[in-house]
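Engineer: The structure is given below, and queries will be raised subsequently.
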Amino acid sequence: MSSSSSVPPPAPDPNAPPQGPASPAPTPKKSLRANTLIVMAGTLGSRLSGVVRQQVINLFDTSLTDAFNVAVKVPNLLRELLAEGALVNSFIPVYKSLDAQERRKLAQSFSGLLIAINLLLMALGIFAAPWVVGLLTSADANIDRALAIYMTQLVMPFLMLISLSAIAMGLLNSDEHFRESSFAPVAFNIASIAALLLLPDNATWLAFGWLVGGVAQLVVQLPALKRFGLLPQPRLTGHPALKRVLVQMAPFTLTAGARQFLNLYVTRLLTDASQFRPGTQTGYSNAEALFTMANGLFVVSPALAVFPRFSQHAADGNWAEFRALTAQTIRTSTFLAAPISALLVVLAPYAVSVYNLRQDIDLDKFQAGAGILAGWALALIPWAVVTILLRTFYARERTREAVTISAIGFVLEVGLYKVLVPLLGLFGFGLSTTLSGLLMACALAALYQRAVGFPWQAVSEHLAKVVPLAILAGAVAWFISRWLPSPGFIVPGMVGLVVAGGAGLAVYLLGALALRMPEMNGLLRRLKR
């Protein structure tokens, strides 16, 4: 990473946003590695409990789960704009630039405004559910549209719950309190699992179980907010810095609109009975859950943990440390993501098998999940770079550039879907995501270079090592899997992941040790403690 600090600091940016009042005296910095491990532990717990939740959902009839997966898309489409993505990336940089008293006032104003907006959208979503579901599904639908409308109306309050939870997460993370916010999704999954197992097996209670989880995810963060003096009292009052937050959030409407266009196209495509059989929507959801687990654990967790530090370096104008942190985070994230990417490509059928608790599997659902996951796995490395670089733009409050590239990338992805899915089938979904991610990463790196100076040497030398090692690991796992029982049921699925996946991962780690990669040395030091 020495190359990242050799680039001279750029001249002051005349278009840089105002930094607000001087920050308060800095508190002792928490260990960045400890923060990352906390977030990764919470993400691991969330994703593993999410697998159990998805296993329970897969016990329901396929026609019910297909309709449910369409229904939950409606609040999930809005949560990205109003909750997790826009809130964390827009709120924290502004919040970090204020003193303690102004931070409290901003939190009160922002939370009050967000609650009001959510109430309005929640009511609109309930009344407009028939039109929204009609927009999401194909005219020749392979799902029960009436059931999807009913379940959409039931799950709409989830938008309010997840938005309030995101406010809590943003406040805690901004002061680098990651424990409660990182483990809140675990509470969501545990509460949902309990509700789905205890309540009757029908559409009403499947939707209700989702809401129970949303309540749990919010409630478990409230004691931490109170303990650290961060619990806001929402008010519909103005604040001078609120405009800055809203200005940063405004470009997210472009990204969110492009992403929703992508999601709309995918959902309509998957529900088209002329192209895909019933069960494809649930198979897609299963693949999405596994990809999200890998991406969340090895990509999003490091990015989330370092984002407050990025914001602080940007507020201080410490660009040498900013570049060094960029290189370090990309190296850490891709070191972890590379072997998982290769292993999921070759072991996707075994991975999807973990959802099948019954031996009489739905073959259409299983094949859809395996095909989509194998393609998506290729996207882990490029999207790791994209995820980290986007955070560096948000930390510098250069949101417009980041979301413009993101929006163009999502529109490009739709275009690739239209070309590649008819040619390659389900694998075309993942390949499209991979290609768009590569182009976005290049564009973001070029813009970063122009503004701050990108650490090309540190990143390229690292990728030149991890990518070949990952390919070797995947080849070993593929060879061993040829001698294992066929996937489908959870037992052979777990055998394939443990035996073939374990062998491939061992090859990767031994190769990293032989190359004396610093990430491997850091891992060994942690294991010795």
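The values are calculated or read from the model by the stated rules, or taken from the named source; none is laboratory data. Worth saying up front: this structure is predicted, and the values here are computed from it rather than measured. Every residue, glycine among them, receives a Cβ derived from its backbone with ideal geometry; neighbour counts consider all protein chains shown. The area values use the complete protein model at the heavy-atom level, side chains included, leaving out ligands, DNA and RNA. Shrake-Rupley method; radii C 1.70, N 1.55, O 1.52, S 1.80 Å.
Engineer: Residue under question is I405, and the condition is that it be closer than 24 Å to V467 by Cα, of a type in the set (A, V, I, L, M, F, W, C) and touching a helix residue (DSSP H, G or I) at 6+ places or on another chain (Cβ under 6 Å); does it hold?
Structural biologist: So I405 fails the test.
Engineer: Select, from A166, A148, A141, the only residue that is open to solvent by 10 Å² or more (accessible area, probe 1.4 Å) and either closer than 30 Å to F307 by Cα or of a type outside the set (F, W, Y) (or both).
Structural biologist: Result: A141 is the single residue among A166, A148, A141 that is open to solvent by 10 Å² or more (accessible area, probe 1.4 Å) and either closer than 30 Å to F307 by Cα or of a type outside the set (F, W, Y) (or both).
Engineer: Moving on. Please identify the pairs in which a residue from the stretch 413-431 that is under 11 Å from V266 (Cα atoms) and in contact (Cβ under 8 Å) with a residue 24 or more places away in the chain has its Cβ atom under 7 Å from the Cβ atom of a residue that is part of a helix (DSSP H, G or I) and open to solvent by 30 Å² or more (accessible area, probe 1.4 Å), counting only partners at least 6 apart or on another chain.
Structural biologist: Final answer for the pair search is V414/F261; V414/Y265; Y417/Y265.
Engineer: Something else now. Given (1) over 11 Å from Y350 (Cβ atoms); (2) under 27 Å from the mean Cα position of the chain (by Cα); (3) modelled with pLDDT of 85 or more; (4) not acidic (D, E), where does G522 come up short, assuming only one miss?
Structural biologist: Of (1) over 11 Å from Y350 (Cβ atoms); (2) under 27 Å from the mean Cα position of the chain (by Cα); (3) modelled with pLDDT of 85 or more; (4) not acidic (D, E), only one is false for G522: (3).
Engineer: Moving on. Counting only residues that are hydrophobic (A, V, I, L, M, F, W, C) and surrounded by fewer than 20 Cβ atoms within 10 Å (Cβ to Cβ), which one in the stretch 450-460 is farthest from I405 (Cα to Cα)?
Structural biologist: The residue in question is W456.
Engineer: Moving to a separate point now. Is at least one residue of the stretch 183-191 closer than 30 Å to D272 by Cα, in a helix (DSSP H, G or I) and in contact with a helix residue (DSSP H, G or I) (Cβ under 9 Å, 6 or more places away or on another chain)?
Structural biologist: Looking through the stretch 183-191, none of the residues is closer than 30 Å to D272 by Cα, in a helix (DSSP H, G or I) and in contact with a helix residue (DSSP H, G or I) (Cβ under 9 Å, 6 or more places away or on another chain).
Engineer: Kindly indicate whether any position in the stretch 93-108 is more than 15 Å from P234 (Cα to Cα), open to solvent by less than 10 Å² (accessible area, probe 1.4 Å), among the hydrophobic types (A, V, I, L, M, F, W, C) and in a helix (DSSP H, G or I).
Structural biologist: Looking for residues that are more than 15 Å from P234 (Cα to Cα), open to solvent by less than 10 Å² (accessible area, probe 1.4 Å), among the hydrophobic types (A, V, I, L, M, F, W, C) and in a helix (DSSP H, G or I), one finds at least one in the stretch 93-108, hence yes.
Engineer: Follow-up question, since we're still on this one. Only one residue in L463, L438, L447, L510 is open to solvent by 10 Å² or more (accessible area, probe 1.4 Å), over 24 Å from the mean Cα position of the chain (by Cα) and not basic (K, R). Which one?
Structural biologist: Values: L463 fails: over 24 Å from the mean Cα position of the chain (by Cα); L438 fails: over 24 Å from the mean Cα position of the chain (by Cα); L447 fails: over 24 Å from the mean Cα position of the chain (by Cα).
After ruling out the rest, the residue left standing is L510.
Engineer: Could you grab me the full set of residues in the stretch 355-381 that are open to solvent by 10 Å² or more (accessible area, probe 1.4 Å) and in a helix (DSSP H, G or I)?
Structural biologist: Matches in the stretch 355-381: L363, D364, K365, F366, Q367, A370, G371, A374, W376, I381.
Engineer: Would you be able to tell me the number of residues in the stretch 268-284 that are assigned to a helix (DSSP H, G or I) and either surrounded by fewer than 20 Cβ atoms within 10 Å (Cβ to Cβ) or at pLDDT below 80 (or both)?
Structural biologist: Qualifying residue count for the region: 2.
Engineer: Further question on the same structure: Hey, can you tell me all the residues within the stretch 109-131 that are modelled with pLDDT of 85 or more, of a type in the set (A, V, I, L, M) and part of a helix (DSSP H, G or I)?
Structural biologist: Once the filter is applied, which keeps residues that are modelled with pLDDT of 85 or more, of a type in the set (A, V, I, L, M) and part of a helix (DSSP H, G or I), the stretch 109-131 yields A116, L119, L120, M122, A123, L124, I126, A129.
Engineer: Can you name every residue in the stretch 285-309 that is farther than 24 Å from T65 by Cβ and either outside any helix (DSSP H, G or I) or open to solvent by less than 10 Å² (accessible area, probe 1.4 Å) (or both)? Even if it seems obvious, please write down each step before you answer.
Structural biologist: Going through the stretch 285-309, the residues farther than 24 Å from T65 by Cβ turn out to be 297-309.
Of everything in the stretch 285-309, those that are farther than 24 Å from T65 by Cβ and either outside any helix (DSSP H, G or I) or open to solvent by less than 10 Å² (accessible area, probe 1.4 Å) (or both) turn out to be V299, S301, P302, A303, A305, V306, F307, P308.
Engineer: Continuing with the same structure: Looking at the stretch 479-487, is at least one residue at pLDDT 95 or above, in a helix (DSSP H, G or I) and open to solvent by 30 Å² or more (accessible area, probe 1.4 Å)?
Structural biologist: There is at least one residue in the stretch 479-487 that is at pLDDT 95 or above, in a helix (DSSP H, G or I) and open to solvent by 30 Å² or more (accessible area, probe 1.4 Å).
Engineer: Follow-up question, since we're still on this one. Among the residues of the stretch 312-347, count how many are open to solvent by less than 20 Å² (accessible area, probe 1.4 Å), over 13 Å from F298 (Cβ atoms) and modelled with pLDDT under 95.
Structural biologist: Number satisfying all stated conditions: 7.
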